[in-house]
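Input: a single structure, listed below in structure tokens.
The values are calculated or read from the model by the stated rules, or taken from the named source; none is laboratory data. Keep in mind it's a predicted model, so treat the numbers as computed, not measured. With ideal geometry, Cβ positions are generated from the backbone for all residues, glycine too; neighbour counts draw on all protein chains shown. Just the protein is used for accessible areas: all its heavy atoms, side chains included, with ligands, DNA and RNA removed. Shrake-Rupley method; radii C 1.70, N 1.55, O 1.52, S 1.80 Å.
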Amino acid sequence: MRVSFDSNAWEPVFAPEDRDYASIRAALVDRRIDGFICEAAFRIEAIRRKERAEYFAKPHMDVRFDGPVIHEGKQYSKMSFGPNDSIHPGLPDKQIKKLQRALAAGVKVMRGQNWIGLPMPLKILDINNFVSEESGAAQERMQRQLDVSALIDARSVGKAAFDAADGWTDRDRTSAEEKQLIKACAEWADGEIVAAHIAYQNDILCTDDCAGGAGTSIFNAANRSWLTTEFGVRFMTLGDLAAKVSQ
């Protein structure tokens, strides 16, 4: 059974002091379940709340010019660009400890969408931390991810909530606008894990986020129903999963 863990699920499971979810950890170590977390939790949610407005308003790019390169007798300059991972402020110490325990238990990291100016924390850049994929399978998975993400955005949730909060713009914000942006970052990350869960074709999406049944959230009642009907997403809480693996 392949289980995608939301941040509010995997972090409690791997908290050093936890005693409630030992059955889940044992099931992961024994490979009775395969666990997955999404890199969006680290690229987006790991940014401290008070720093989010300034951080996301600036694309953190790494542009390199290499060369010259000779091709068919002609000289070209080679340019590459992507996120400047050295800009990422890093993961909180408590989260690093949880991540280390998760990786040691065999949990793998799913890739989110490729945001060129959105850095990755250096702590998870090791290729061995990620789900292994053949080139063709990776291309198909990325296309599924793009397609699902577009449908999520069309429902005004996921990254669409971040866009609605004007998250790409560096400007003065009222207290209410800053709170909206903080919540929108979390919503963006939620949309990413849902798209990754579907794209990687996992079986269970484990989250304790019920969105209060309403509001702007991919996890509200209406969107959960849509995800189940359209994509067969099966939701479980941590308690549900612990009970299942204990049977």
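Remark: pairs (first residue in the range 218-232, aliphatic (A, V, I, L, M); second residue open to solvent by less than 40 Å² (accessible area, probe 1.4 Å) and not in a helix (DSSP H, G or I); Cβ separation under 8 Å; 6+ apart in sequence or on different chains) = 218/157; 218/158; 227/218; 227/233. Condition check for residue 35 on (1) in a strand (DSSP E or B); (2) small (Gly, Ala, Ser); (3) at pLDDT 80 or above; (4) on the phi > 0 side of the Ramachandran plot: one failure, at (4).
Of the residues 124, 44, 96, the single one that is closer than 17 Å to residue 14 by Cα and either touching an Asp or Glu at 6+ places or on another chain (Cβ under 8 Å) or of a type outside the set (A, V, I, L, M) (or both) is 124. Quick check on residue 23: is it polar (S, T, N, Q), farther than 26 Å from residue 165 by Cα, over 18 Å from the mean Cα position of the chain (by Cα) and in a strand (DSSP E or B)? No: the conditions fail for residue 23. Note on the range 147-165: among residues that are closer than 21 Å to residue 2 by Cβ and not small (Gly, Ala, Ser), the one that is most open to solvent (accessible area, probe 1.4 Å) is 147. In the range 166-183, the count of residues that are open to solvent by 50 Å² or more (accessible area, probe 1.4 Å), in contact with a Phe, Trp or Tyr (Cβ under 8 Å, 6 or more places away or on another chain) and either modelled with pLDDT under 90 or closer than 30 Å to residue 25 by Cα (or both) is one or more. Residue pairs whose Cβ atoms lie under 8 Å apart, separated by 6 or more positions or on different chains, with the first residue in the range 179-203 and basic (Lys, Arg) and the second in a helix (DSSP H, G or I), are 183/161. The criterion of at least 2 residues that are within 27 Å of residue 53 (Cβ to Cβ) and touching a strand residue (DSSP E or B) at 6+ places or on another chain (Cβ under 6 Å) is met, among helices (runs of 4 or more DSSP H) falling completely within the range 120-214, by 175-199. In the range 120-145, the residues that are within 13 Å of residue 201 (Cβ to Cβ) and modelled with pLDDT of 95 or more form Cβ pairs under 7 Å with partners that are open to solvent by 30 Å² or more (accessible area, probe 1.4 Å) and of a type in the set (Lys, Arg), at six or more places apart or across chains, as follows: 131/108.
Farther than 18 Å from residue 45 by Cα, open to solvent by less than 20 Å² (accessible area, probe 1.4 Å) and not aromatic (Phe, Trp, Tyr): does that describe residue 136? Please lay out each step first, then the result.
On the way: farther than 18 Å from residue 45 by Cα: yes; open to solvent by less than 20 Å² (accessible area, probe 1.4 Å): no; not aromatic (Phe, Trp, Tyr): yes.
No, not satisfied.
Scanning the range 236-244 for residues that are within 20 Å of the chain's Cα centre (by Cα), open to solvent by less than 40 Å² (accessible area, probe 1.4 Å) and among the small types (Gly, Ala, Ser) turns up nothing. Inside the range 68-96, residues that are open to solvent by 70 Å² or more (accessible area, probe 1.4 Å), hydrophobic (A, V, I, L, M, F, W, C) and either modelled with pLDDT of 85 or more or in contact with a Leu (Cβ under 8 Å, 6 or more places away or on another chain) (or both) make up a count of 1.
Scan the range 55-68 and give yes if some residue there is on the phi < 0 side of the Ramachandran plot and assigned to a helix (DSSP H, G or I), otherwise no.
Yes.
Residue 58 - would you say it is under 29 Å from residue 159 (Cβ atoms), exposed (fewer than 14 other Cβ atoms within 10 Å of the Cβ), without any contact (Cβ under 8 Å) to a residue 24 or more places away in the chain and of a type in the set (Lys, Arg)? It is false that residue 58 is under 29 Å from residue 159 (Cβ atoms), exposed (fewer than 14 other Cβ atoms within 10 Å of the Cβ), without any contact (Cβ under 8 Å) to a residue 24 or more places away in the chain and of a type in the set (Lys, Arg).
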